[in-house]
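The values are calculated or read from the model by the stated rules, or taken from the named source; none is laboratory data. Note that this is a predicted model, so its numbers are computed, not measured. Counting neighbours? That spans all protein chains shown, and the Cβs are built from the backbone with ideal geometry, glycine included. To get the accessible areas, we keep the full protein, side chains included, count just its heavy atoms, and leave off ligands, DNA and RNA. Shrake-Rupley method; radii C 1.70, N 1.55, O 1.52, S 1.80 Å.
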Amino acid sequence: MQTKTTELQNIVGIEVTGQPLPASDCPLCVDLDGTLVKSDTLIDSVLYLARHRPGDLVRIPRWLAQGKAAFKRHVTNSVTLDVETLPYNQPLLAYLQEQHATGRTLYLATAADTALAERIAAHLGIFQGVLASDGSTNLAGGNKLAAFREAFGENFSYIGNASPDGPILISCQLPMVANPDRALLSQLREARITPAETFTDRSSPLRGWLRAIRLHQWAKNTLIFVPMLLAHQWALPTLVDATIAFFSFGLCASSTYIVNDLLDIDADRRHPTKRKRAFASGDVSAISGVVAIALLFTVAIVLAIALPHVHRLVEPNIPLERPYQFLKWLLFYTATTLCYSLYLKRKLLLDVFVLSGLYTVRILAGSAATAVAVSTWLAGFSVFFFLSLAFVKRFSELYSLRERGGVASSGRGYHVDDLEQLRALGTGSAYAAVVVMTLYISNPETHQLYHHPIRLWLVVPALLLWLSNIWMLTSRGEMHDDPVVFAITDKRSLLLGVVMACIIVSAL
């Protein structure tokens, strides 16, 4: 024990004297996961592994069998997290930089693997040393407290965040916390310990989860109602079916958004706007995201299975001919979205076609849920219209990249020199959608659905104005990288939407 203690003291550069030091002079040890960094770097690393080296996931059971410290060593050696973009607790980081400037001795003390901890310490440049897991010993809880006592005796201060840090905070000279969980605060209250400082850097849980499930994206799922509305089928059973399908699709889509965000967590942190997403920013933990995926998807499937049974209760005389067709479209959407997140999003142009196709899938799912056929006109219009919006998204991302001095889109296959071609493809698709709209209005079948079909022609200039405005703003770099967000927040877009709705209603 004496030899091990001496070695540890040599590493940190402190000799244990046995005499108590003033709290302000004690070495300050700082936890990493959940404390200095708002996320869990081990989970981040596993997600990075799943995204970039999915074949290595099969090795995880063997790594875990070797112990937690060995598991961390294997994962750390397999990936390279970008330590510059980790979601650091900014108030805590500012405090540590101030303490470092005054000459106080700081140590990064973490259960993360030594290799990762040393990279983070080197990046920040404020730590005198690192205490971390070494591949054989997992430096957490009791092991961490024992290491502190071997190196510093009882003369140390500590900053932690979770219940395993409780005994350490109770034992240290000056306990401090960062984004503390309820279990830790309860331990400290029972021990009658009041933290000297609390460093909070997180949004409200509700706000974080609303960002995580992208509730605003549910606007896309209103496409489920389009087949029944255009066919003028608004009987109660049809409306009930479409409503159940809307919530089922929304929950399913939210689960796939979380999957995408978890897999892209490292790339999102390097993006000027996506780094604010719930998981990339560390406001919502990745583990809770995995739980949410399972919960949301399960409820979505239950609703899809329940749809034909609810329909039978509302309309017992006319059952759905293909009761589980909506469920099939839902599963198809899920599979396609996962393929997109894992592979297709990195393929030039194919990513745009898949993205636009997912809009059309919503219309087809709505048709299956309500047993209302999709007209060829609606199918043709949706293909071109949503393809144009998909090009808007890619163009705006590439334009932003060029403004930041970038050349090639990371993992996307696009180059800033592709901007003009993307603009040509996007505007061409937009006006192709308008052409399909004019052909639909001229079709004799349309005249049977409307008493005043001639009024529908007023929709054409309104649609042209909206699409032209979209592309004008996009070309100027003033477009949000998500056109759906723009459409539901832009006053002109909302006004044009109301105008077009009023025109359609007047034509009935």
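Side notes on the structure shown:
- Whichever residue in the stretch 377-406 is under 27 Å from the mean Cα position of the chain (by Cα) and among the small types (G, A, S) and, among such residues, is most open to solvent (accessible area, probe 1.4 Å): G405
- Residues (under 20 Å from E321 (Cα atoms), open to solvent by 30 Å² or more (accessible area, probe 1.4 Å), assigned to a helix (DSSP H, G or I) and among the β-branched types (V, I, T)) located in the stretch 357-376: none
- Failed item, numbered, when V240 is tested on (1) hydrophobic (A, V, I, L, M, F, W, C); (2) in contact with a strand residue (DSSP E or B) (Cβ under 9 Å, 6 or more places away or on another chain); (3) not in a loop (DSSP other than H, G, I, E, B): (2)
- For S409: the one exception among (1) touching a strand residue (DSSP E or B) at 6+ places or on another chain (Cβ under 8 Å); (2) open to solvent by less than 20 Å² (accessible area, probe 1.4 Å): (2)
- Every pair of residues 6+ apart whose Cβ atoms lie under 6 Å, when the first sits in the stretch 232-259 and is more than 17 Å from L307 (Cα to Cα) while the second is assigned to a loop (DSSP other than H, G, I, E, B) and not hydroxyl-bearing (S, T, Y): Q233/V372; Y257/R214
- Across the stretch 92-113, the number of residues qualifying as surrounded by 19 or more Cβ atoms within 10 Å (Cβ to Cβ) and part of a helix (DSSP H, G or I) comes to 2.
- Any hit, the stretch 275-286, residues being of a type in the set (A, V, I, L, M), open to solvent by less than 20 Å² (accessible area, probe 1.4 Å) and either part of a helix (DSSP H, G or I) or in contact with a Ser or Thr (Cβ under 7 Å, 6 or more places away or on another chain) (or both): yes
- The stretch 59-83 residues that are farther than 16 Å from R119 by Cβ, paired with ones that are among the charged types (D, E, K, R) (beta carbon under 7 Å, 6 or more apart): A69/D134
- The requirement of being part of a helix (DSSP H, G or I), under 25 Å from the mean Cα position of the chain (by Cα), at pLDDT 90 or above and not charged (D, E, K, R) is fulfilled nowhere in the stretch 315-325; no residue meets it.
- Helices (runs of 4 or more DSSP H) within the stretch 378-486 that include 3 or more residues farther than 30 Å from F225 by Cα: 419-442
- Test: residue in the stretch 191-200 that is at positive phi, touching a residue at least 60 places away in the same chain (Cβ under 8 Å) and open to solvent by less than 50 Å² (accessible area, probe 1.4 Å): no
- Meets criteria (under 22 Å from S400 (Cβ atoms), small (G, A, S) and open to solvent by 20 Å² or more (accessible area, probe 1.4 Å)) for S506: no
- Looking only at residues of the stretch 342-353 that are in a helix (DSSP H, G or I) and surrounded by fewer than 19 Cβ atoms within 10 Å (Cβ to Cβ), we find that the one that is modelled with the highest pLDDT is F353.
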